[in-house]
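Here the structure is laid out as structure tokens; the discussion comes afterwards.
The values are calculated or read from the model by the stated rules, or taken from the named source; none is laboratory data. Just so it is clear, the model here is predicted, and its values are computed rather than measured. So basically every Cβ, Gly included, is an ideal-geometry build from the backbone, and we count neighbours across all protein chains shown. Areas reflect the complete protein model, heavy atoms only, side chains present, ligands, DNA and RNA absent. Shrake-Rupley method; radii C 1.70, N 1.55, O 1.52, S 1.80 Å.
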Amino acid sequence: DYDKINGYLVDIFNNVVIIEEASLKNSKFNDISLKEMHTIDVIGTHPDTTPSAVARELMLTLGTVTTSKLEKKGYIIRTRSSVDRRVVHLSLSKKGRLVYRLHRAFHKSMVKTITEGFNDEELKVMSKGLENLHAFLEELK
């Protein structure tokens with residue numbers, strides 16, 4: 001069972017990345033990379049966040065978070081704090097909110113498909129397994 005589960009995990013990760021990249025490339029949002037999409041996702045999930053908070057969430061250095069490019073492309077809005085002018089807050093533009101919602105819909109569809117037909121006990125077991133995997137990966141950060 002170990003080899004089967006490991007094979008699934010590797011294939012799932014690789015397929016999600018390939019599908020997300022292809023979806024972006026073949027859409028009207030083909031001017032953003034998958035890394036930029038994940039930046040948009042963090043900003044959409046945590047409105048009014050800062051570049052350093054996005055970097056922490058994505059486990060990137062502050063210099064590799066591509067907020068200025070996303071601003072130039074019209075996906076995000078950078079606003080200086082009225083309290084501390086050194087602080088920049090990030091939010092999604094209309095275009096950013098649209099691609100964020102589409103990305104979320106893909107993930108929602110994926111979860112719905114995975115859990116379709118599960119009874120309560122099966123959902124609990126899957127949730128517990130994913131919780132364990134999440135905790136393991138969080139420990140490695």
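Some points to look at:
- Restricting Asp41, Asp1 to residues that are touching a residue at least 60 places away in the same chain (Cβ under 8 Å) and either surrounded by fewer than 17 Cβ atoms within 10 Å (Cβ to Cβ) or within 22 Å of His89 (Cα to Cα) (or both) narrows the list to Asp41.
Table: residues versus (1) farther than 24 Å from Leu140 by Cα; (2) exposed (fewer than 12 other Cβ atoms within 10 Å of the Cβ).
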| site | (1), (2) |
| --- | --- |
| Phe13 | no, yes |
| Leu34 | no, no |
| Tyr75 | yes, no |
| Ser81 | yes, no |
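- Considering the range 37-52, the residues that are in contact with a His (Cβ under 7 Å, 6 or more places away or on another chain) and more than 22 Å from Ala105 (Cβ to Cβ) include one that is modelled with the lowest pLDDT, namely Asp48.
- Residues of the range 44-56 that are open to solvent by less than 40 Å² (accessible area, probe 1.4 Å) and out of contact with any Phe, Trp or Tyr (no Cβ under 7 Å at 6 or more places or on another chain): Thr49, Thr50, Pro51, Ala53, Val54, Ala55.
- Out of Ser68, Ser109, Ser23, Ser127, sole residue that is in a helix (DSSP H, G or I), small (Gly, Ala, Ser) and either surrounded by fewer than 11 Cβ atoms within 10 Å (Cβ to Cβ) or at positive phi (or both): Ser109
- Residue within the range 102-116 that is more than 24 Å from Leu9 (Cβ to Cβ) and aliphatic (A, V, I, L, M) present: yes
- Which numbered condition Gly63 misses (of (1) more than 20 Å from Ile12 (Cα to Cα); (2) at pLDDT 95 or above; (3) not charged (D, E, K, R)): (2)
- If you go through the range 65-81 and keep only what is under 19 Å from Leu98 (Cβ atoms) and free of Cβ contacts under 8 Å to residues at least 40 places away in the same chain, you end up with Thr66, Thr67, Lys69, Leu70, Glu71, Lys72, Gly74, Ile76, Ile77, Arg78.
- Considering (1) farther than 18 Å from Gly44 by Cα; (2) touching a strand residue (DSSP E or B) at 6+ places or on another chain (Cβ under 7 Å); (3) modelled with pLDDT of 95 or more, the lone condition that Ser81 does not fulfil carries the number (3).
- Scanning the range 56-64 turns up no residue that is in a helix (DSSP H, G or I), in contact (Cβ under 8 Å) with a residue 40 or more places away in the chain and not aliphatic (A, V, I, L, M).
- Against the list (1) over 16 Å from the mean Cα position of the chain (by Cα); (2) surrounded by fewer than 17 Cβ atoms within 10 Å (Cβ to Cβ), the condition His89 fails is (2).
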